[in-house]
Structure formats: C-alpha cells, structure tokens
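If you scroll down you'll find the structure; I have some questions about it.
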Ligand SMILES: *Cc1c(COP(=O)(O)O)cnc(C)c1O
C-alpha cells in the first residue's frame, strides 16, 4: 500500500495517494471490485468483516486514504450521499439531550434535517451568524456539543469567520464541523485550520462529472471511526461503481477547480461591470464584503457565484431562456455550467419575506461555472443580457 503521506502537492496526491501497492495485477488504474463479500482472514469484530455495507472493500479503502491525504487529515469515510455523510456525522457527534450551534444559512437538506428531524431525537439547536463571533457565547448551553458551519454559503457565497469557529470550539470543548463542499479540498483544507470534521457532497466538485451521488466525512481518526460504526448500522454505504467513478473523477480535481476558480473570476468581473446587472456575489471580487476573509482562508474563490439583474424576476426569466450554453438544472461542481433561480428551487420553501430578509431576491440567479471556454460563456451571457 502506498504511504499516503509521501506526496506533498494536491495534484500528485490526487493521482497517487492511497493507491494499492503493488498495483492489482499490474493494473495502472485501480480495478472495480464488484464483490459484496470477501473471504474470512481471521477478522475478530463485526466491523472488520469485509462486506460491502461496511464500506471496507478495496475501492472504499483507496478512496478513504486518498481523501484523508487531500485535506491533510487523519482519516476519511465515503458515504452514499452528501446527506448520508452529514446526517451520520451529526447523529454520531450528538446524542439525545445535546445541543448544536449551527450557521443560519445552511444548505437546504441540512436545514431540513436540523429543523425537522432533530426534535424527534431530542436534539436541540440554535442558529448563529457566522460573522458575529461575539454573539456565539450567548447561545452556548451546558449541553452544547458541536458547532457546524459551511465553507461558503448557498447561494450568496458568504464566508463565515472560520478561524473564530475553531478558536471558539477549542475554548468551549466543542466538536467543530464544516461542510466543505463549495470550497473543495483544492481551495480549503479544514483540518489544517483545526476543524475536527469536514463533510462533503462528493456529488459536486470531488466527483465533478454530474454522474453519481456520494459523500465523505474527513477528519480526526477517532471521530471518523465512530461515524463509520454508525454508518455500518444506518447502512448508507457507497456502491462500488460509484466508488470507481468518484476515484476516477477525483484525479482531475486540481485541474478542474483551478480552471473553475479563474473562469468564475473573469465571469464575475464581466457581470459586475454590465449595465443590466444589479450586483454579483463572488468573494473573489475585491469589493465583495467577504473578500479579505476569503483571501486569508482559501487558495481560490470557487466556481460558484450568484447575481441579481436590474430587471428583477422578469429579467432573470428572460436571461435563463436566452442563454445557450448553460443548463438550467440543480446541483453544482460539474463540468457543465449550471444555472438556477434559488427563489423557485433551493429556497422555494421559504416565504417571499423570509427570502428577502436573507437577501435572496426573485431575480437572483445562481451559477456553477463549468469547464467550457470562458470567453464563449461570456459572449453567451452578453447576448442573453442584451436580448429584448
Ligand atoms: C449538495 C449538497 C449537499 C448534499 O449532498 P447530496 O450528495 O445531494 O446528498 C450538502 N451540502 C452542500 C453544501 C451541498 O451543495
């Protein structure tokens, strides 16, 4: 087995970290093992039996080592989806009677888990503002166990004071958790900043090809092991075919995200100066309120942004009809540029007043920048903005 720590740079780790040595029958790429069960070799505990639901086939183990190496963390675990990673991690860290501090701008699925499901398990929570660290202590309770934030918020791309999160967690003996999906390990590695657990929807940047659903938990070995045992009982293991595709997709992560970072910045600059655009939310822009924080924390500003058109809802609808290259579809982080209107998709469940209060107007468009030629995308946006 390759020592996952023997590679220093992300691009090299993506290709070589955690791979089987010697290579399986000399195969240059890791083969796909479609076996549900494996012969006994003297395993003593249930969690060590080699069985597909226990997430310990060769395809899983290679991914676990590689993902841990990417974030310079101790351990990793792949799961059946991003929500399987998030829910299993939260239901491991928290027990009945516990309390969670959680950022007030959560991904929709996580928001529903916390606000709808937690109470059935006797778990309490309070929302915090990620940029008001002085206010967090007022929400602390004797039974607070963890603090949970996201690297960049959807769809406004706000950046919380992530350094304050880990400082606060250490001071108050909380487990610090971050959903790192939007940043990806290329732009942010939570373990390096003292986070205990990083969670991913691998459906997005890590796989990057919009062809599987998968998740990952990356972080401290002792916690990842506990989460693995819970996952073994909950059953949210990743199918080997999806493991294979995730492994394959991961190899180009550094190239993809570097391209998406710079393409998104150019597109954001184009949109920002266009007379039909009211505002662009992208932390890579110098005048963005989160720019200084993002610069300090991240190696890149991501391929995600949102923007508001001066003509509001009608202009947004027209723009979405007129663009030729992007696809109007949910999800993000793939090779194709995707557009959504949060008011009718991710945030449709909120009242119009709640949406306005959160800065999500009816004319807001969210974009996940793909790998198409930047100048061709910009030309397409220009014609769509000018269309009558
Ligand atoms: C998509 C997403 C999830 C959920 O992931 P699934 O793979 O769809 O279960 C969680 N967090 C963020 C930030 C996401 O974008």
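Can you say whether residue 362 is more than 16 Å from the ligand (Cβ to nearest atom), over 30 Å from residue 254 (Cα atoms) and surrounded by fewer than 16 Cβ atoms within 10 Å (Cβ to Cβ), as far as the supplied structure shows?
Answer is no for this residue.
Only one of these conditions is not met by residue 20: (1) surrounded by 13 or more Cβ atoms within 10 Å (Cβ to Cβ); (2) out of contact with any helix residue (DSSP H, G or I) (no Cβ under 6 Å at 6 or more places or on another chain); (3) closer than 30 Å to residue 137 by Cβ; (4) touching a residue at least 40 places away in the same chain (Cβ under 8 Å). Which number is it?
Condition not satisfied by residue 20: (3).
Is it the case that residue 141 is out of contact with any strand residue (DSSP E or B) (no Cβ under 8 Å at 6 or more places or on another chain), surrounded by fewer than 19 Cβ atoms within 10 Å (Cβ to Cβ) and either in the same structural domain as residue 64 (by TED's automatic domain parsing) or at pLDDT below 95 (or both)?
no
Which of the following residues is in the same structural domain as residue 123 (by TED's automatic domain parsing), more than 16 Å from the ligand (Cβ to nearest atom), part of a helix (DSSP H, G or I) and buried (at least 24 other Cβ atoms within 10 Å of the Cβ): 85, 89, 73, 69?
When all the criteria are applied, what remains is 69.
Within segment 237-255, is even one residue under 19 Å from residue 151 (Cα atoms), more than 12 Å from the ligand (Cβ to nearest atom), in the same structural domain as residue 175 (by TED's automatic domain parsing) and not in a helix (DSSP H, G or I)?
Checking segment 237-255: not a single residue is under 19 Å from residue 151 (Cα atoms), more than 12 Å from the ligand (Cβ to nearest atom), in the same structural domain as residue 175 (by TED's automatic domain parsing) and not in a helix (DSSP H, G or I).
I would also like to ask the following. When the residues of segment 92-110 are narrowed to those that are within 14 Å of the chain's Cα centre (by Cα) and in a helix (DSSP H, G or I), which ends up farthest from the ligand (Cβ to nearest atom)?
108
What pairs can you find where one residue is in segment 109-122 and under 15 Å from residue 154 (Cα atoms) and assigned by TED's automatic domain parsing to the domain that holds residue 82, the other is assigned to a helix (DSSP H, G or I) and within 14 Å of the ligand (Cβ to nearest atom), and their Cβ atoms are less than 6 Å apart, with a gap of 6+ or different chains?
So the pair list comes out as 109/83; 110/86.
The values are calculated or read from the model by the stated rules, or taken from the named source; none is laboratory data. Quantities reported herein were computed from a predicted structural model and do not represent experimental measurements. Please note: Cβ atoms are built from the backbone with ideal geometry, for glycine as well, and neighbour counts cover all protein chains shown.
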